[in-house]
Each structure stands twice: as structure tokens, then as C-alpha cells.
Amino acid sequence: MERQISIRGYRVSHTDFVRFIVIASLTLSSILITAIALVRNAEAIYPQLFYFPILYATYFYPKRGIILSGICGVVYECLVYFSLFPDTLALWSSTGQAILFICVALAVAYFTNMIRVSEARYRSIFENSLLGVILFDKNRFTIRLANQQVATMLGYTVEDISRMAFSDLFFSHDLQRQFFEHLGSGQNIRNFETCFATKTGEPHWVNLSWSRIDDTIVSCSIIDINAEKRAQEIAADSSTRYQQVTESSPTGIVITEHTKILFANPAFSTFSGYGPEECLGRDIAESVLDDDKDRFGTFAGRWDIPAPVPARSEFRFITKKGEIRRAVLYFTPITRNNRPAGLVNFVDNTEWEEYRERIEQTKERRREMMRAVAHELRTPLQPVLGYLNLLLQDPQSFGITDETRQILERCAKSVDQERQIINQMLELSVLEGEETSLDYSVFSVGGMVNAVIAGGGYALKAEIAIDIPADLLIEADRQKLSYIVDVLVANGVSYSKPPKKIWITYRGSPSHPFHRLAIQDNGVGITEAQLDAIFKPEEGGSTGSSNQGFGGPGLSLAIAKKYVQLHGGYISVDSIVNIGSTFTIHIPKKRPDKANHHDT
Amino acid sequence: MIRKIVVIEDDQPILDLMGILLKKLGYEPVLIANGLDALTSVRADPPALILLDIMMSPLSGWEFLERLRTECNLREIPVILFTASPTVPERMKQLNDPRLGILQKPVTFDELRTALAQFLD
């Protein structure tokens, strides 16, 4: 800030005040010297004295300088008239001199103004430039001039910068050295990227261009590229991390444009057998097995449609070596370089599929073997059962005594049991192979239950309480549903405690989607641990089968469970130890579609 | 009139048993151990019913049945499949033939009587 002086309420800058004193004293001195010279009639009169205040004033204040030149001209003219009148020559000469004062003042004012305008123009460019501009001495690196942009960029004030050396601006000595090498080449350099240090010591990226103004001064323009550099660094950093993630991923990751590979990770290379370079530009569709190509085409066709969830599908691929491998593909749409692209994950499930197939084959072989064994067991039983039946049919004609008949009856009973067990085993193997279909018909539930009770003679073994609406009809496979009820009632009778009691209750309601038939006993109950095992033949079938007369609860319960599942229903069990168990058959009122038969 | 029943069965003990049981039930059994001979016999003298084993060679029970059903004078003869194989019932169900019955080995005397009565009475 300039110092100011206050005179009678006017504020005048210190510089202006000093200039005013100088101009006034020079003017008064010139007038005084000229007046004395004229009064003394000195030989030489020096009107040139007036040029000092006129030139000085005009240089700094053009308009006022012209006015001053006019005043000086008039004063000089007056002095000459007063002293030398009527010397005509002297009068003409003084008039010319006064005019010359004004002309010189005008000329000086004109040129000074021109210089001012031009300087102002450059100054405004310098100060208002969006670029940072620094002028520095190329020998001593002192900064001659720096604009506000440079100061703002680095967090200094213009005064701070002006006191620094240009070489102090660099972030490191290496960068400084690089700059000196370029500067030393003597050429004008454009786009030299380097890093300055801010006032707080942070690195700040800049782009320098410089040119020499004269032998010592270099003008350097500075473009702020810090934000851009930072963005590049972040991008480079995230791409490094991305690369690390994809390279260490065990699943194949591929970036595609349509089905063309733009990027593939090492796991995909391993999967496909093609090297990382070979993968690039390949079409995924080329590697798809011919049989799967149509399906793949449909799958890939949907890639261009934005979807909220990744699309997923399994395909077989041919590797470079010609092997067939399976993979599940997950497709996610992404954007790459502002263009739509796809991120495809390959999850190799070749081994998994092989295991699954092997397990299926093993299961199928087991079923086959079970059928063969059962067939071989059944055939030789026929003569045994047949001849025993024959003998018991007409014992007297074969001369059989009562005692022998009793023995033969026991044999026949055992053979019959054996037959039942084998039949159940076979039935289960057929059910597991899912080769069974149902014969649906509509029949009365009450009628069916009564027939089962009568057929099994259960009324003689326990008290049976039936509570089923008389007009209730069901659509189901009558034979199989009878079997289910038979198994559950037989089971209840076997396990209930004297006095044995069985409740058979229909628990459906018109609005409920399932028919529910509950079979309750007052038996020993089933513990939590046993609950899981009762429908499993390999666990439940081995216990207590000898005294059942029904093959064993495990096998028959397992068959019953399968039958209910074929109907699209299920069996639930509620049991309290020493109070009793309730088995509830749930059969849907609406007949399931074929496809739903085996899904439970 | 005593009705004739042809038993086609490659297991000799069972064949013998069936002979005895059928006689006991009052039928006239014709016992044949293989399908080709049976075809000749049935053509020569059509029986009232055929008890047919399935797992036989050279002609299996299914093949025999197929040929039988193509011949117009034999087509109407009721056939009871007499088998120990667990997959037969499902296949039989698919044929949906009212002149076809099934007896799963081993059968009791009562089961045999009921099955025969169903077709012959």
C-alpha cells in the first residue's frame, strides 16, 4: 500500500506529493531565473529551463503537464513583453518559444500515453491469465515476477513468491536437476511435466512451457495438471488392484464386447487351455460345444438387454486340447471405456458334474442290483410257498397229522413274511427309480378307511374310533392311499399300549388346500432323535420287524412316505413319549401336475 | 368241460408245481419250458388262458405276448404275466390291455385261484 498524506481533507499519495513539490519548485525556479536574467538584461536568456518541469510533469501526469506547459508559455511571454517591448524580433522569438513548450508537452503526453496503454495491456494479460506466469533470471534463478495464479496454485502470496528462487519451487532435487538439464539445452521448451512443492510441502503437478525473453530473463508459463495427475494415479491404482483381484481369482473372469474377449484372467486361460494372449480377441462362442451352441446364442443374445440380476447358465466348452469342460456362466453388464461390455464369470463345475453323474450311476447300479437280487430271491420261494399251500389246502389227502400241519403252517407264515419283505424292498427300489405313476380316481375316504380296517382285522386288535364325514370324497390313487392308511394303522396298533386305542380323524376344512387324515395312537411315542429315522428303511427297518407281521415299519413307512410324496403331499408326525403319536397324511385337494410328482 | 391252461416257464421246479396246482384247481395244464415251442403249441390248440413268465430266452415273455396279439385267432386269449421282476407291473399298466393280468412270484394258492377265476368265470 502506498503511503498517503492528508492535506485539508484531500488524500494525496506520498509520491504525488513529492512530485508536486519538485514540479512546483522547478517551475518557480525557472520563472525566477528567467525574470532575473531579463531584468539584468543578460546576454543569454534560457527558456530551456522550463522544459524540466514541463517534461517531468507531462511524463507522470500528461493532461496536467500540458496545462503546465501552457502556463509556463504565458508566464515566459509576459516576462519577455514586460522586459523587451517593443523589440519585435525578441517578441516573435518568445512567442515561438511558448508555442514550442506546448508542442513538446503534447508530444510527450501522446507517447507516454501510448506506452502506458501498451504496458497496461500486457499487465492485464499477465495478471488475469488463467496460466501461472513467472519471469525469472536464468543465471541466478531469482524470480522477477510471478502472477496471482502461481501464488494461488502453490498456496503462497505473490510477495512470498517474488522473494523466492525459481529452483526452490521444485518438489525434489531430481526434478530440479531434470529441469536444469532442459533449461541448459537453450531451447524453448513446451509441455515439460514436473512436480512443484506447495507451501505446506505437498507435491503439486504442473506442466511448464518456457521461452527466453532476453539473455537473462526467462518467461515460464505454468499449467496446473495436479487434479488430472491425481485422477490418473487413482485410476492406475484401482486398475492395479483390479488386476490383482482378477489374477488371483480361482474362477475365470472375462470382459467381453458381445462375445469377443477383451480381457481374460489366468483362471480362464487355465480353463480354456489358451494362453492369455491367445484369449484376446477370441469369440467365446467358438469354444462352446456344438450341441450347446444354440442355447449359448440365446443366452448371449440377452447380454445386450440390461437386467437387474446377473444372467446365469451352464454350458460345455471345448478346450484347446479338445477336452470337454463344463462351466456355469454368470453375465453382468458393465461399461468399459464408455462402451457397453460384459463381465462374464466362468465357474468350472466339470469335476462336480462328473461326481454327480458317478453318484447317479452308482445309485442306478444299486437299484439294478437290488432288482436282480430280489428277482433271484423271489423265484425259489415260489415252489416252497406253492407246495406248502398245496399241503395245507388238503392235509388229509396227503396223510398229514395235526401236529405236522401246525409246523407246516408256521413255515408258510414265515415264507409269507419273507415274501412281504422282499416285495417291499422291490417296491422301494422301484419308487426310488421314479418309475411309478398313480392311478387317480375319486372315492369315499370313509369307505376306503373302513375297508382297510376290515381287511387288516384291526378292530379285533384295538379299539378303533373313526371320525370322517360320510360324504367326504378324495381324488387319489385308492390302492396306494389304502396302503398308506394300512401301514399307519398297523404301526399304531403295534406300538400302542393296552387298552389299545386308535383314533382316525379327518382334519380338513373346505378352504384348506390339503386333505388331512390323522391317525393317533396311545402308544409309547417317539423321541425327537427317533423321529428322523422312522421313515428310513436302513435305520428303522432293522428294528422290531420280527414281531410285526408286516415286514417291518421302516420299509413300509418309507414306502408310505414315497406314496404320499407321489401325490404331492407329505406325512407329519407329532409325538409325546408315553402319551402317543399322531401321524397326519396331507394330500393336496388339487391333483399335482406330472412335473411336481417327485419334488418333495 | 375241463379248460386248458398253457404255462410257459423256464424254471422247471415252478413248472412242475404249477402243473400240480392247476390240476388241483380243476384245469388241464399244458406245461411248456420255452416261448418258441409254446407259440407252436398255442397255434395248434388255443388254450383258455396262458400263464406267462417274462424273463426267458430265446423268446422273452414280452416278445411272446407281442406275437400272440398279432395273430387274429389268438388275440383274445387272456394272459396272466407270471413274474418275479419288479418292473413288470409298470410296463403292463402302460399296455392298458383288459385281457392282461399279473401274478407276482411267489404266489399263494389262493391268489392263483382268484386270478384265474377273474378271467375264466
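Treating r as the C-beta distance of A:D294 and A:N337 and R0 as 35 Å, the FRET efficiency rounds to 0.65.
Within the set A:K480/A:K590; A:K561/A:K589; A:K138/A:K229; A:K461/A:K562; A:K413/A:K461; A:K363/A:K536, which residue pairs have Cα atoms separated by over 22 Å? Checking Cα-Cα distances, A:K138/A:K229; A:K461/A:K562 exceed 22 Å.
Extension gain, A:L55-A:A529: 0.36 nm per intervening residue step, less the Cα-Cα distance, totals 158.6 nm. Straightening the chain between A:E247 and A:R123 buys 38.9 nm, computed as 0.36 nm per residue apart minus the Cα-Cα spacing.
Amide H to amide H, with H built 1.01 Å from N, B:L49 comes under 5 Å of B:V6, counting only residues 5 or more places away or on other chains.
For A:V108, A:V344, A:V117, the sequence from fewest to most other C-beta atoms within 10 Å is A:V117, A:V108, A:V344. Karplus-derived 3J(HN,Hα) values for the range B:70-82, using 6.51 cos²θ - 1.76 cosθ + 1.60 with θ = phi - 60°, are 8, 9, 5, 7, 10, 4, 7, 5, x, 10, 10, 6, 10 Hz; glycine and proline are entered as x. For A:L89, B:L21, the sequence from fewest to most other C-beta atoms within 10 Å is A:L89, B:L21. Label positions at A:E181 and A:L390, each projected 7 Å from the Cα along the C-beta direction, are separated by 11.5 nm.
Pairwise Cα separations in the range A:462-518 fall into 10 Å bins from 0 onward with the following percentages, short to long: 20, 49, 26, 5. For chain A, the relative contact order is 6 percent, taking Cα pairs closer than 8 Å that sit 6 or more residues apart in sequence and dividing their mean separation by the residue count.
Taking a ≥ b ≥ c as the square roots of the eigenvalues of the alpha carbon gyration tensor, the range A:379-488 is oblate, as a/c is not under 1.5 and a/b does not beat b/c. Extension gain for A:S167 to A:E257 (0.36 nm times residue separation, less C-alpha to C-alpha distance): 27.4 nm. Residue by residue, the range A:200-208 carries 3J(HN,Hα) couplings of 8, x, 6, x, 9, 7, 9, 10, 9 Hz when phi is fed to the Karplus relation 6.51 cos²θ - 1.76 cosθ + 1.60 (θ = phi - 60°); x denotes Gly or Pro. What percentages make up the Cα-Cα pair-distance distribution of chain B when the bins are 10 Å wide from 0? That works out to 13, 52, 33, 2, in percent per bin.
Taking a ≥ b ≥ c as the square roots of the eigenvalues of the alpha-carbon gyration tensor, the range A:354-432 is classed prolate because a/c is 1.5 or more and a/b outweighs b/c. Name the shape class, rounded, prolate or oblate, that the alpha-carbon gyration tensor gives for the protein assembly as shown, where a ≥ b ≥ c are the square roots of its eigenvalues, rounded holds for a/c under 1.5, and otherwise prolate holds if a/b is larger than b/c and oblate otherwise. Cα axes put the protein assembly as shown in the prolate bin.
Considering only alpha-carbon pairs that sit under 8 angstrom and 6 or more positions apart, the relative contact order computed for the range A:130-230 is 29 percent. Remark: spin-label model distance B:R3-A:E403 equals 4.3 nm, labels positioned 7 Å along the Cα→Cβ axis. Rg and Dmax of the range A:41-90, both derived from C-alpha coordinates alone, stand at 12.8, 38 Å. For A:K63 and A:Q4, the FRET efficiency from 1/(1 + (r/R0)^6), where r spans their Cβ atoms and R0 equals 30 Å, is about 0.85.
Listed by chain and number, the lysines whose alpha-carbon sits under 28 Å from that of A:K320, ignoring those within fewer than 8 places in the same chain, are A:K260, A:K293.
Converting phi to 3J(HN,Hα) with the Karplus coefficients 6.51, -1.76 and 1.60 and the offset θ = phi - 60°, the range B:106-121 yields x, 9, 8, 4, 5, 4, 4, 4, 4, 4, 5, 4, 4, 8, 9, 9 Hz in sequence order, with x at every glycine or proline. Helix A:14-39 and the longest principal axis of the Cα set of chain A meet at an angle near 10°. Database remark: amide H of A:R144 closer than 5 angstrom to the amide H of A:L135, A:F136, A:D137 (H placed geometrically; neighbours at sequence offset of 5 or more, or on other chains; Pro and chain starts carry no H). Remark: relative contact order (the range A:4-126) = 22 percent; criterion is Cα-Cα distance under 8 angstrom and separation of 6 or more residues. Can you pull the one-decimal nm distance between simple spin-label points at A:E314 and B:R43, each 7 Å off the Cα toward Cβ? For A:E314 paired with B:R43, the spin-label model returns 5.2 nm. The simple Förster model, with R0 at 22 Å and r as the Cβ-Cβ distance, assigns A:E202 and A:E228 a FRET efficiency of 0.85. Distances between placed amide hydrogens fall under 5 Å for A:R282 paired with A:I261, all partners being 5 or more residues away or on another chain.
Quick note: the coordinates plus some simple rules give every number you see, no bench work behind them. The structure displayed is predicted, hence computed values, not measured ones. Methodologically, a virtual Cβ is constructed for each residue, glycine included, from the backbone with ideal geometry; neighbour enumeration extends over all protein chains shown.
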